[in-house]
Amino acid sequence: MIRAPLLLPAVSASGRVADAGSINVTLSTGIKRAVGFGRLSGTSGSGTWRGALCTGTWTAERI
């Protein structure tokens, strides 16, 4: 499958990773906002995010 690149407005991110690995992040663009929570441990992580009209999950892997 070929996907065309999307033209997206700039997104700003702010948040923190605590010493124990918990993550809190806020993403925003214009008046839209989403928040995310989760945990990093070793070489991977996972969590959830939510916006005004939708929710989801995220995963991360150190490469």
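Tabulated values for the structure
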| quantity | calculated |
| --- | --- |
| At R0 = 22 Å, FRET efficiency that the Cβ-Cβ distance of ARG62 and ASP19 yields, to 0.05 | 0.80 |
| Net +/- balance of residues flanking LEU40 in space, Cβ distance below 12 Å, scoring K and R +1, D and E -1 | +1 |
| Long-range Cα-Cα pairs in the chain (distance over 15 Å), rounded percent | 60 |
| Whole-number percent relative contact order across the chain, with pairs defined as alpha carbons under 8 Å at least 6 apart | 20 |
| Nearest-20 debye value, the chain charge dipole, Cβ charges on Lys, Arg, Asp, Glu | 160 |
| Most to least packed among 49-56, 38-45 [average Cβ atoms within 10 Å] | 38-45, 49-56 |
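Values quoted throughout were computed directly from the atomic coordinates according to the rules given, and no laboratory measurement underlies them. Only a predicted model underlies this, so the values are computations on that prediction, with no experimental measurement involved. We place every Cβ from the backbone using ideal geometry, glycine too, and count neighbours over all the protein chains shown.
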